[in-house]
Amino acid sequence: MRNKGISALVCAGLMAGAAVLGGAGTAVAQVAAADRDGQAAGTVRERLEKIPGMKVVSVAEKEGHPLYTLTYVQPVDHAKPRGATFTQRATLWHKATDKPTVLYTTGYTLGGGTASLTRLIDANQVSVEHRYFGPSRPTGAAGDDWSKMTVQQEAADEHRLTRALRTIEKGKWLGTGASKGGMTATYHERFYPDDLDAVVAFVAPNDANNRDDSGYERFFRTVGTKECRTALNAVQREMLVRRDTLLPKFEADAKANGDTFEETLGTTDRAYEFAVLDQVWNFWQSGTAADCPTVPDAKKATDDQLYDWSKEHGLSVYRDEDLGTNGSGPYYHQAATQLGWADLKFKHLKGVRHYPDLYQPNSVLPAAMRGTYDNRTVADVDRWVKTRGERMMFVYGQNDPWSAERFTPSRRDSHRYVVPGAGHGASIAKLPAAEQAEAVATIKRWADVK
């Protein structure tokens, strides 16, 4: 349950701007041709605007093809489709109706980039914003009802959007995403297996049993070298041993940056301890074994050396302004209620922690967003992926803590790859040559691309 709200996004914001191919005149002609694709039924824009609840907000040019920014009216509660609604953001990068289409989700706000899968198979791309993130959330009282921020409700959002856009994009459809986006794509596949022809999920955590964190504990006992693990643990412990001299530095930084903690963690002391608890996780999530030589000698380092190194290598700051309804708070609500979290034991920190129950998602949430955990949904998804999932691919990083508890695909034309030495940025391109070729061939077969 890292402060990954923004850092773990593959991209953020609306897709905008791209190189113009073949000069301005050629690009305009390409965009016009793409918009007329299948013109007997009207232009793509006309067909989009005929979908009930769909609005074309704008059209831009991206690499010679039209990029439509869309909004789509969704039920707040799909069990009550005639009840309250909200407007969900999406984009469609359209190339041709007979090409495959990639449904790309970050699991957070609207992804602004091009998914690697889209490049690989030269596909159209639909990007969708997760409910309750950014402006894709209900207003008024419904917006404060966090009971509708669930795996099932988001899967239903994507189901309706997919079925609507499949009336235009006729090729194969593949779902993809990284981290929480990979989880979201997997959940969509579980609840609506007829929507997509395949799913490729990158570094998608799977905390199927939140009471059993042995996978995470084993990861931190074995990742990297013994020397690196020992040095990192020593720095983490020393950060708490020297709390009296290092906390003022943390407080000074918070004051200079305008950081507050009253609505979530409560005090700077609690915020400091939470940041330190996250430090080793973040080192491996974003760094590599090549960073191990930079770890200072915990006993010999000065206060400034210890604190400055930690700020550069994993000391997260969980601020009120990042954790409410307009930040990463919706993710932590999901972690607290359905997705689960790594409740690490931190045996090497015995005797220096002030708050033994601090390391859980409700700690970083405003009171109104906290929730009660129920693992039935993620346990169901785990079982389904193992036994019934078809044409699913999972790519993980060997040195990524988020990959420590992972999905196990079935034998139904499904696959799992682990990238040696990779962290949270694991990709097909980083696989060994033979596995990379195998994965690419599988994806192209699924997409019906030669």
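Output the residues belonging to region 213-244 that are hydroxyl-bearing (Ser, Thr, Tyr) and open to solvent by less than 20 Å² (accessible area, probe 1.4 Å).
Listed by number, the list holds a single entry, Tyr216.
Are any residues in region 386-427 touching a residue at least 60 places away in the same chain (Cβ under 8 Å), open to solvent by 50 Å² or more (accessible area, probe 1.4 Å) and assigned to a strand (DSSP E or B), and if so, which ones?
Arg406
Return the residues of region 151-162 that are in contact with a helix residue (DSSP H, G or I) (Cβ under 7 Å, 6 or more places away or on another chain) and open to solvent by less than 10 Å² (accessible area, probe 1.4 Å); say none if nothing qualifies.
The answer is Val151, Glu154, Ala155, Glu158.
Does any residue of region 255-263 turn out to be surrounded by 21 or more Cβ atoms within 10 Å (Cβ to Cβ) and either over 23 Å from Thr106 (Cα atoms) or not aromatic (Phe, Trp, Tyr) (or both)?
The answer is yes; a qualifying residue exists.
Only one residue in Ser127, Ser116, Ser58 is closer than 19 Å to Thr186 by Cβ and open to solvent by 10 Å² or more (accessible area, probe 1.4 Å). Which one?
Just a single option satisfies the conditions, and that option is Ser116.
Only residues that are crowded, with 20+ Cβ neighbours inside 10 Å, within 23 Å of Leu240 (Cβ to Cβ) and hydrophobic (A, V, I, L, M, F, W, C): list them for region 299-340, please.
Once the filter is applied, which keeps residues that are crowded, with 20+ Cβ neighbours inside 10 Å, within 23 Å of Leu240 (Cβ to Cβ) and hydrophobic (A, V, I, L, M, F, W, C), region 299-340 yields Leu306, Leu315, Leu323.
Are any of the residues in region 163-170 within 28 Å of Gly340 (Cα to Cα) and either open to solvent by less than 10 Å² (accessible area, probe 1.4 Å) or of a type in the set (A, V, I, L, M, F, W, C) (or both)?
no
Any idea which residue in region 96-113 is least open to solvent (accessible area, probe 1.4 Å), counting only those that are of a type in the set (S, T, N, Q) and farther than 28 Å from Thr325 by Cβ? Don't jump to the end; show me each part of the working.
Residues of region 96-113 of a type in the set (S, T, N, Q): 97, 101, 105-106, 109.
Still in the running and farther than 28 Å from Thr325 by Cβ: 97, 101.
On the way: Thr97: 24, Thr101: 0 Å².
That would be Thr101.
Exactly one of these conditions fails for Met15: (1) part of a helix (DSSP H, G or I); (2) modelled with pLDDT under 95; (3) of a type outside the set (Ser, Thr, Tyr); (4) touching a Leu at 6+ places or on another chain (Cβ under 8 Å). Give me its number.
Status for Met15: all satisfied but (1).
Can you go through Asp343, Asp380 and tell me which one is modelled with pLDDT of 95 or more, open to solvent by 10 Å² or more (accessible area, probe 1.4 Å) and either acidic (Asp, Glu) or part of a helix (DSSP H, G or I) (or both)? Working first, answer last.
Numbers: Asp343 fails: modelled with pLDDT of 95 or more.
The unique qualifying residue is Asp380.
All but one of (1) among the hydrophobic types (A, V, I, L, M, F, W, C); (2) farther than 16 Å from Gly177 by Cβ; (3) open to solvent by less than 60 Å² (accessible area, probe 1.4 Å) hold for Ala434; which doesn't?
(3)
Leu196 passes all but one of (1) touching a Leu at 6+ places or on another chain (Cβ under 7 Å); (2) surrounded by fewer than 24 Cβ atoms within 10 Å (Cβ to Cβ); (3) outside any helix (DSSP H, G or I); which number fails?
The number of the failed condition is (2).
When Gln334 is evaluated against the numbered criteria (1) in contact (Cβ under 8 Å) with a residue 60 or more places away in the chain; (2) within 19 Å of Asn282 (Cβ to Cβ), which criterion, by number, is the only one it fails?
Single failed check for Gln334: (2).
The values are calculated or read from the model by the stated rules, or taken from the named source; none is laboratory data. Everything numeric in this text was worked out from a predicted model, so none of it was measured. Note that each Cβ is placed from the backbone with ideal geometry, even for glycine, and that neighbours are counted across all protein chains shown. SASA here: full protein model, heavy atoms, side chains in, ligands and nucleic acids out. Shrake-Rupley method; radii C 1.70, N 1.55, O 1.52, S 1.80 Å.
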